[in-house]
Amino acid sequence: MTREPCDLLLTGGHLVTPDGVIRADLAVRDGRISLHPRRRFRPASTIDARGCYVLPGFVDIHFHGYNLFEFTAGRYDPQRGAFDDSAAAYDEGFAMLRRTLPRFGVTGFYVASWAAPVESLKRCFGHLTRALRTAPTAGREDGRAPSGSLPEARLLGGLLEGTFINPAMAGAQNPAFVMEPSIRTFEAIQDSGSIRLANVVPDRGEASLELIRQLSSRGIVVGAGHTAATAQQVQDAVTAGLRYFIHFLNGPTGGSFKPFDGGGAVEAGLSLREPFLELILDGYHVNPRYVRDVLARVGFDRAVAVTDALYVAGSDLREISIGGTRGRVSDDGTHIYVVGKPNTLCSSNLTMDRAFRNLLNWLTVEMEGVWVARHPPFGFEEALTAAAKVCATNACRLTGLANRSLGAIRDGAAADLAVV
C-alpha cells in the first residue's frame, strides 16, 4: 500500500472527539487533521502518544494577563511598583503569552480589558491592533514548530470587558471608569477591528440594545456580565444580538426569586436556550456544586471555560493594584480577593489546564448540588468528551472560529491539539 506523506503523525493515542473517545492514529498534513484509519502515512516526524489523550487545543476567550503582563496596563515592574505601557513592553508581553500559554494546552486566546479611561483603552487596543497585524505565523500552518519548541498560541483579538457594565455591579472593577453605552464611545476606543468581543449589559434599555445591534452587525460577539438586568431585558438583548454571559454567576450576575419580568440575569441564563455561559472553573469563583447544577440545566454545548487570569498569575506577587482596586493573593495561593472584601474576587490566577482538570474531577465523582439533590458521576471518557467541549469546542462555536475548523478533532479540521 502506498504511504502518503504527512508533516506529523501521532500514534497510539486516545483521540477525544465531539462524539466520544476513539483509538486511532492522527496525521497532520498542511495544518489539517487526517483521520482515515485505512490510510498509511510517511511522516516527517512522529509523536508516540500511547497512554495519552489527544484533545482539541484550549481557547481562552477571557484572559487579562500572566507573569507580570496585564493587557490594560502593560508590563508590571515590581521594583518600581508601576506598569510600563510602551510599545516595547506590549511586544514583549504578547510574545511571552504566545510562547507560554501552550504549556497549559492553550492554542488560542483573547486579551481582555478592565474598566479604564478611554485614553488607556485606546492605547492598549492600539498595541493589540499592531500585534495582530505583525503576529508571526511560521511553524503554525504545517503543524510543526521550530526544533525543540512548542508551536505558539494564536493571539485572536480583544475583549472590551469593563467599559459598558452596570457600575452598581462592578465587582472588583472601578465604577468611575464605566461609561454609557454608545457607538461613539466604542469608536473612540478603537476603530481598527482589534475588539472581537464586547461586554454590553442590557441594563440601560434602548441605549444598550442599540449598541448591541451595531456591534453585532460588525461581527463583534457581544456578551453580558456585571449586570443586574431582568430576564426580560436579557431576552430583548438576545433578540438584538447578545450571544453570551460573561463569567456567569460572577461579576456579579444579578438574580431574583420573584416572578416579575421573568426574574434576573441568572434566571435568564438558565432558562434561555440561545446564550453561551462563561464559567471560571477555579472552584472559588463558582462553587463546584453550582457548576454541576448549571451544567445539569444547560448541558455541555453552551458552557465555556475561561480563566479571567490577571497579571499576578505565574508570578511571585502577593498584592496587586490595578484600576484603583487593591487585591491580595489568598494565603494558600488559590485565588485573589479585593482587600477589605474577602468575598469579592479579583480576576484569578487560574490556567486552562487546571480548569480542565478541575472540571474533569468534578464530573467523575458523585456530587451533591445546591438546587439538585445529587449529581451522579460520569464515566471517565464521557467526562473527557464533555470537558473538551467546555474548554475548547464551545469557545470556537461562540466566536466563529469553528467556521475555520478550529475547536474539535475531526477529519479535515485544523490541527490545534493538546496531548495530555
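The values are calculated or read from the model by the stated rules, or taken from the named source; none is laboratory data. What you see is a predicted model; the values in this text were computed from it and never measured. Cβ coordinates were reconstructed from backbone atoms using ideal geometry, including for glycine residues, and neighbour counts include every protein chain displayed. In case anyone asks, the SASA skips ligands and DNA or RNA and just uses the protein heavy atoms, side chains included. Shrake-Rupley method; radii C 1.70, N 1.55, O 1.52, S 1.80 Å.
Data for the structure
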quantity: Criterion (modelled with pLDDT of 95 or more, of a type in the set (D, E, K, R) and open to solvent by less than 40 Å² (accessible area, probe 1.4 Å)) met by exactly one of Glu267, Glu278; calculated: Glu278
quantity: Residue list for the range 305-353, filter: among the aromatic types (Phe, Trp, Tyr) and farther than 25 Å from Val178 by Cβ; calculated: none
quantity: Cβ pairs under 9 Å, 6+ apart, first in the range 4-27 and free of Cβ contacts under 8 Å to residues at least 12 places away in the same chain and surrounded by fewer than 20 Cβ atoms within 10 Å (Cβ to Cβ), second part of a strand (DSSP E or B) and not aliphatic (A, V, I, L, M); calculated: Ile22/His14; Arg23/His14
quantity: Top-ranked residue of the range 220-246 - restricted to ones that are open to solvent by less than 20 Å² (accessible area, probe 1.4 Å) and part of a strand (DSSP E or B), ranked as farthest from Gly157 (Cα to Cα); calculated: Thr227
quantity: Search result, residues across the range 337-361 that are open to solvent by 30 Å² or more (accessible area, probe 1.4 Å) and not polar (S, T, N, Q); calculated: Tyr337, Val339, Gly340, Lys341, Pro342, Leu345, Asp353, Arg354, Arg357
quantity: Residues of the range 284-313 satisfying the condition of being farther than 19 Å from Gly57 by Cα and surrounded by fewer than 18 Cβ atoms within 10 Å (Cβ to Cβ); calculated: Tyr284, Asn287, Arg289, Tyr290, Ala296, Arg297, Gly299
quantity: Which listed residue is open to solvent by less than 60 Å² (accessible area, probe 1.4 Å), part of a strand (DSSP E or B) and either of a type in the set (Val, Ile, Thr) or in contact (Cβ under 8 Å) with a residue 24 or more places away in the chain (or both), from Ala418, Ala392; calculated: Ala418
quantity: Some residue of the range 367-384 being within 18 Å of Phe104 (Cα to Cα) and surrounded by 14 or more Cβ atoms within 10 Å (Cβ to Cβ); calculated: yes
quantity: Subset of the range 84-94 [out of contact with any Phe, Trp or Tyr (no Cβ under 6 Å at 6 or more places or on another chain) and open to solvent by less than 20 Å² (accessible area, probe 1.4 Å)]; calculated: Ala89, Tyr90, Phe94
quantity: Any chance Ser217 is open to solvent by 10 Å² or more (accessible area, probe 1.4 Å) and under 21 Å from the mean Cα position of the chain (by Cα); calculated: no
quantity: Only one of Gly81, Gly74 that is open to solvent by less than 70 Å² (accessible area, probe 1.4 Å) and either among the hydrophobic types (A, V, I, L, M, F, W, C) or in contact with a strand residue (DSSP E or B) (Cβ under 6 Å, 6 or more places away or on another chain) (or both); calculated: Gly74
quantity: Candidate set from the range 184-206 (those that are farther than 20 Å from Phe109 by Cα and exposed (fewer than 15 other Cβ atoms within 10 Å of the Cβ)); member that is modelled with the lowest pLDDT; calculated: Asp191
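Conditions tested, residue by residue: (1) surrounded by 24 or more Cβ atoms within 10 Å (Cβ to Cβ); (2) part of a loop (DSSP other than H, G, I, E, B); (3) among the hydrophobic types (A, V, I, L, M, F, W, C).
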| position | (1), (2), (3) |
| --- | --- |
| Ile47 | no, no, yes |
| Leu55 | yes, no, yes |
| Ile61 | yes, no, yes |
| Met96 | no, no, yes |
| Thr100 | no, no, no |
| Phe109 | yes, no, yes |
| Ser120 | no, no, no |
